[in-house]
Every structure is written in C-alpha cells, then in structure tokens.
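Input: a single structure, listed below in structure tokens.
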Amino acid sequence: MINSYIRKDLQNLKPYHSPAVPYEIKLDANESPFSLPVKVKHQLIEWIEKEENLNRYPDTDSNDLRRAIGKLWNVEEDNVICGVGSDQLIDCMMKVFLEPNDQILLPSPSFTMYSLSARMNHGIPIEVPLEENYHYSTSKILEAYAKYKPKIIVLCTPNNPTGNQLSIGGIEEIVSKVTCPVLIDEAYGEFMDDSMIDFIHKYPHIFVIRTFSKAFGLAGLRVGYGIGSKEMIDAISITKPPYNLNTLSEKIVLMALEQIPLYEERIKALQKEKDWLASQLIDIGYKVYPSKANFLLIEIKNKSISKIFQQKNILVRDFSNHPGLLSCFRVTIGTREENQKIFQVLKENVLS
Ligand SMILES: Cc1ncc(COP(=O)(O)O)c(C=O)c1O
C-alpha cells in the first residue's frame, strides 16, 4: 500500500545499510585508527562541567567553526559552509542545482554517494569511466561535458576507492573550460600535498569539500565542510537544513583544530604504514594501486577473500560485485598490528 505512494523513480532503490557484523579489526570505511587526542578529551570534560549549553539549539550557521576553518585555509568565513558530514554538502549541492532529469557527470568507479544523491534529487547520473589503472581522463570528461551538458561535474581526488589523485593541472584543464558548478571532493585531501581550495577565487564555480571523518578521526561526529566563492556558498546555503550541526560536534571539532601538529604527525604515520603495507604486498606478488589516501585498492583473484577476512573477524571492503573493480578489495590503513594481520592473511592466501 505505502509502496505505491513512493516516488516512482525511487521505488527500486534500497535503503542504505552498513552490515552489523561482529569484528575485531575494522578496515572497511577509511576511518582513522587514532582516537580523540587526550588534550581534547580533557577540554571536552571541562566544557561539559563548566560551560555546556545543550539546552539551547546550536548556532545554525556554525559561525565559530566556519571562522576556524577559514583561518586554517586563509579564506573568509563567508567562503565556508559546514555539513553533517561532507555527505550532507554533496546532497545540498545537488538539491540546489538539479532540476528534474538534469544530468550530472560522475567518475566511475568512485564514491557511491554521488549517484545515490543525484537520484534522490531527481537528477540523472552519467558515469565517465576512468582509464587504465583508474587514471582520470580530462579529455573524456570534457567530451562528456560537451555531449551531455551536465548541471554538475563531480571530481573525487584522491578518488575513493581507487586512491589516485587528479593533478591540480588536470583539474584546472577541466574547470577552466566548463561553466557549470564543479564539485571537487577532497575527503582524503589531508593525505595529499595540494588542494583546489587555493583556487576558489580564480574559479568561482568550484565547490571543494573536505571532512573531519578521515584524517581527523572524527567520523562519529559527522562533520564536513565545503569551501568556495561567496556566490557558491550562498547558493549551497539555500538547501542547508537549519541547525544541521549539533553543538557537541562543533565544539569537539573546534578543540581538535587546536591540535593540528598532532594530526600532521598522525597523517605522516599513516602514510608510512601505507607505504609499508603496499611494498610488502607488492613483494609477494600482489597488484596494489598507488594511493594518495589512507587506503589501498588491491587486486586479488580469490573471490572469497572477504569471506576469509570475515572468518578472522576482519572487515575490509569487497568490490568483487562492482563492475569495473571486479577483482579488487579496499583496505583502510590501520595500526601496524592491524596492517600486519592484513599482510598475514593475504600472504597465506596468495596462491589460492
Ligand atoms: C570520497 C568521499 N567523499 C565523501 C565521503 C563522506 O564523508 P563524511 O560524510 O563522513 O564527511 C566519503 C566517505 O567515505 C568519501 O569516501
């Protein structure tokens, strides 16, 4: 009965669920293995004891956080918007720009939320395949732009789940030749050296998103941000739900932002771990895609590898059913102990 009332274009869409399986090691969601810095824990307890104001609604515009992020990137707070995860900002962008049946260009394979969000917002996702070894083809994207006249182009760099980066030169080649809004998803940007945030004034039609869920290890708080020209931020703000960020999340992120040197150390440590795991696996014959993020995409012929991991209570992300990634799985970089476990399992199964 209810089903017949669901929007026709959503009737075949399944709700998003994350499997609630027991685990000892969780390396399937590109989270950080590090917990909240001790100093932040203490500050938080003190804030709760002395200043907490949770009886009040949060600041609907997250002004303190926008100012702090602006300072971090040397932009004005008017160039910043905060979301409940960067997921919410992806959604807000689609909501504000897409009219029914507008087309949106997405890299493929890439983060699944783009096409889901496009469909939820009455858009039509057009997938532009990545080239050999998952490299971006700027010419293919520009050809697709000319052909489909999309309302939005999405670029994910480093790309999830393939780990490769599209160079600043490559991005400029695209954004300098198109007029539509371009979403540049830098969710893993802290693991690479450069950012398109430095180009928001040169290209007012770009919207660069980042998150506190990955390098900052705050996935449980659900805080992301977007940076763009004032015109872009004003547009996205139209569809941002009021009071979206909660007070506690905003407060903790503000405290975390005072610990940048510690996070830089953690990022370096994870990069070292990534290089270690990649080289160990390459040495025993695995194909490991070069990654600028906190995860590795690994090719494996053994289709039951994720079952083998599961039996050992280890979660990894299996892509064996994903067209375009047929014999691959993705593993998040964890602690040395966790990475060693991954290596051990793969070593035992190398020939199977
Ligand atoms: C490429 C990419 N963008 C955005 C997100 C969403 O992150 P969040 O909503 O936690 O900020 C993710 C999460 O995995 C991601 O991989």
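The values are calculated or read from the model by the stated rules, or taken from the named source; none is laboratory data. Treat the numbers as computed from the prediction; the structure is a model and nothing was measured. Note that each Cβ is placed from the backbone with ideal geometry, even for glycine, and that neighbours are counted across all protein chains shown. Accessible surface areas use protein heavy atoms only, side chains included; no ligands, DNA or RNA. Shrake-Rupley method; radii C 1.70, N 1.55, O 1.52, S 1.80 Å.
Any idea which of Ile206, Ile233 is buried (at least 23 other Cβ atoms within 10 Å of the Cβ) and away from the ligand (no atom under 12 Å from the Cβ)?
Working: Ile233 fails: buried (at least 23 other Cβ atoms within 10 Å of the Cβ).
On inspection, the qualifying residue turns out to be Ile206.
Determine which single condition Lys292 fails, assuming it passes every other condition in (1) assigned by TED's automatic domain parsing to the domain that holds Ala29; (2) part of a helix (DSSP H, G or I).
All conditions are met except number (2).
Which of (1) over 22 Å from Val84 (Cα atoms); (2) crowded, with 23+ Cβ neighbours inside 10 Å; (3) not hydrophobic (A, V, I, L, M, F, W, C) does Tyr225 not meet, given it meets every other one?
So the condition that Tyr225 fails would be (1).
Check the stretch 28-37 and report whether any residue there is among the charged types (D, E, K, R) and open to solvent by 80 Å² or more (accessible area, probe 1.4 Å). Reasoning before the result, please.
Narrowing the stretch 28-37 to residues among the charged types (D, E, K, R): 28, 31.
Filter again for open to solvent by 80 Å² or more (accessible area, probe 1.4 Å), leaving none.
No, the stretch 28-37 contains no residue that is among the charged types (D, E, K, R) and open to solvent by 80 Å² or more (accessible area, probe 1.4 Å).
State which residue is farthest from Leu98 (Cα to Cα) when the search covers only the stretch 138-150 and only residues that are surrounded by fewer than 18 Cβ atoms within 10 Å (Cβ to Cβ) and in contact with a strand residue (DSSP E or B) (Cβ under 8 Å, 6 or more places away or on another chain).
Applying the filter and picking the extreme gives Lys140.
Given the criterion of a type in the set (A, V, I, L, M) and more than 22 Å from Lys177 (Cβ to Cβ), identify the matching residue among Leu155, Leu116, Leu130. Even if it seems obvious, please write down each step before you answer.
Values: Leu155 fails: more than 22 Å from Lys177 (Cβ to Cβ); Leu130 fails: more than 22 Å from Lys177 (Cβ to Cβ).
Result: Leu116 is the single residue among Leu155, Leu116, Leu130 that is of a type in the set (A, V, I, L, M) and more than 22 Å from Lys177 (Cβ to Cβ).
Go through the stretch 305-352 and give me each residue that's of a type in the set (S, T, N, Q) and open to solvent by less than 90 Å² (accessible area, probe 1.4 Å). It would help to see each step written out before you state the result.
Just the residues of the stretch 305-352 that are of a type in the set (S, T, N, Q), to begin with: 306, 310-311, 313, 320-321, 327, 332, 335, 339-340, 344, 349, 352.
Listed by number, the residues that qualify are Ser306, Asn313, Ser320, Ser327, Thr332, Thr335, Asn339, Gln340, Gln344, Asn349, Ser352.
Among the residues that make up the stretch 123-136, is at least one of them more than 15 Å from the ligand (Cβ to nearest atom), open to solvent by 10 Å² or more (accessible area, probe 1.4 Å), over 25 Å from Pro323 (Cβ atoms) and of a type in the set (D, E, K, R)?
No, that holds for no residue.
When the residues of the stretch 151-167 are filtered to those that are open to solvent by 10 Å² or more (accessible area, probe 1.4 Å) and farther than 16 Å from Glu190 by Cβ, which remaining residue is farthest from the chain's Cα centre (by Cα)? Can you show your working first?
Within the stretch 151-167, the first condition is being open to solvent by 10 Å² or more (accessible area, probe 1.4 Å), and the residues that meet it are 151, 160, 164-167.
Now narrow it down to the ones that are farther than 16 Å from Glu190 by Cβ: 151, 164, 166-167.
Working: Lys151: 21, Asn164: 13, Leu166: 15, Ser167: 17 Å.
Residue satisfying both the conditions and the ranking: Lys151.
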